[in-house]
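Following: one structure in structure tokens, then a few remarks.
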There are 2 protein chains.
Amino acid sequence: MRPSGAARSIRASAPVFAALGDETRLQLVARLCTGGPQSIARLTEGADVTRQAVSKHLRVLEGVGLVRAGREGRDGRETLWEIEPRRLDDARRALDLIGAQWDAAMGRLRAFVEE
Amino acid sequence: MRPSGAARSIRASAPVFAALGDETRLQLVARLCTGGPQSIARLTEGADVTRQAVSKHLRVLEGVGLVRAGREGRDGRETLWEIEPRRLDDARRALDLIGAQWDAAMGRLRAFVEE
DNA sequence: ACGACGAGCAACCCATGGGTTGCATTTCAT
DNA sequence: ATGAAATGCAACCCATGGGTTGCTCGTCGT
């Protein structure tokens with residue numbers, strides 16, 4: 001992959017990091033991972049903010065594709081939200097890419113010094 | 001590691017994600033990885049913002065430990081900024097942790113279904 | 001049919017954040 | 001010594017973001 005492609009791919013994942021950058025939101029995705037699909041009401045207990053705040057955060061996470069409003073549970077009034085693990089992988093890959101570039105740079109440096 | 005420990009560790013890395021969540025900042029760390037330690041002036045070319053903006057962003061990155069103001073170059077007036085790759089690893093580990101919890105949850109689900 | 005539950009919508013508050021401009025400071029080159 | 005380069009500091013602007021409250025709406029249980 002050409003560096004410019006990598007750079008584009010990295011820049012593109014900034015919104016995902018931004019979404020993960022809020023403590024409440026990060027906690028939400030963590031809970032959705034451990035606890036599986038959950039309703040807003042259930043997510044609100046344990047979060048120290050209002051249900052509305054949780055709702056907003058879910059919309060943000062949905063906006064960057066980290067979370068999805070799944071099919072409703074058997075209870076018609078509640079909606080179950082679930083993680084979209086692929087997006088999580090994307091973010092991880094971006095970090096891997098950056099780290100790899102760094103490692104490559106270190107390798108070049110060592111090669112240069114030992115030359 | 002107990003789940004509560006993992007949760008704490010995950011929450012703690014929210015600021016790092018927040019720092020990476022800005023496109024300009026993410027680009028900065030990418031460039032610092034590929035290009036090695038660089039001065040503010042050099043980083044400013046190629047970034048479509050003011051030198052002051054770049055400076056501020058570097059402070060932010062420094063605040064979360066993603067970047068360090070290294071020893072000055074041979075030119076006494078310029079300061080070289082370099083990546084702190086350990087912090088990058090921390091962030092990656094946090095994502096791994098979340099992903100692992102998800103995978104474990106999926107494993108439990110499959111086990112339950114196939115039971 | 002009525003009350004409780006889950007959730008959406010809208011308005012509002014205010015702090016933070018990204019960005020800029022202007023000026024001061026140190027260091028280097030000539 | 002004088003000017004240019006690299007940076008810091010400070011004030012300011014304004015948009016966004018996280019949070020709340022109040023109300024409405026659909027749905028379920030009884």
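All of the numbers you see were taken from the coordinates with simple rules; none came from a lab. The structure presented is a predicted model; accordingly, all values stated were derived computationally and were not measured. Positions of Cβ are generated from backbone atoms using ideal geometry, with glycine treated the same way; all protein chains shown enter the neighbour counts.
Listing for the model above:
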quantity	calculated
Helices (runs of 4 or more DSSP H) wholly inside segment B:40-115 containing at least 2 residues that are within 12 Å of DNA strand D (Cβ to nearest atom)	B:40-44, B:51-63
B:Glu23 among the acidic types (Asp, Glu), more than 8 Å from chain A (Cβ to nearest Cβ) and farther than 30 Å from A:Gly35 by Cβ	no
Residue in segment B:83-100 that is over 24 Å from A:Asp89 (Cβ atoms) and either of a type outside the set (A, V, I, L, M, F, W, C) or away from every other protein chain (no Cβ under 14 Å) (or both) present	yes
Criterion violated by A:Thr44 - all others in (1) away from every other protein chain (no Cβ under 14 Å); (2) more than 20 Å from A:Asp90 (Cβ to Cβ); (3) surrounded by fewer than 17 Cβ atoms within 10 Å (Cβ to Cβ) satisfied	(3)
Pairs with Cβ under 6 Å, 6+ apart, first in segment A:4-23 and farther than 15 Å from A:Val64 by Cβ and without any contact (Cβ under 8 Å) to a residue 12 or more places away in the chain, second small (Gly, Ala, Ser) and more than 16 Å from DNA strand C (Cβ to nearest atom)	none
Candidates A:Leu88, A:Leu109 - the one that is of a type outside the set (D, E, K, R), without any contact (Cβ under 8 Å) to a residue 24 or more places away in the chain and under 22 Å from B:Val29 (Cβ atoms)	A:Leu109
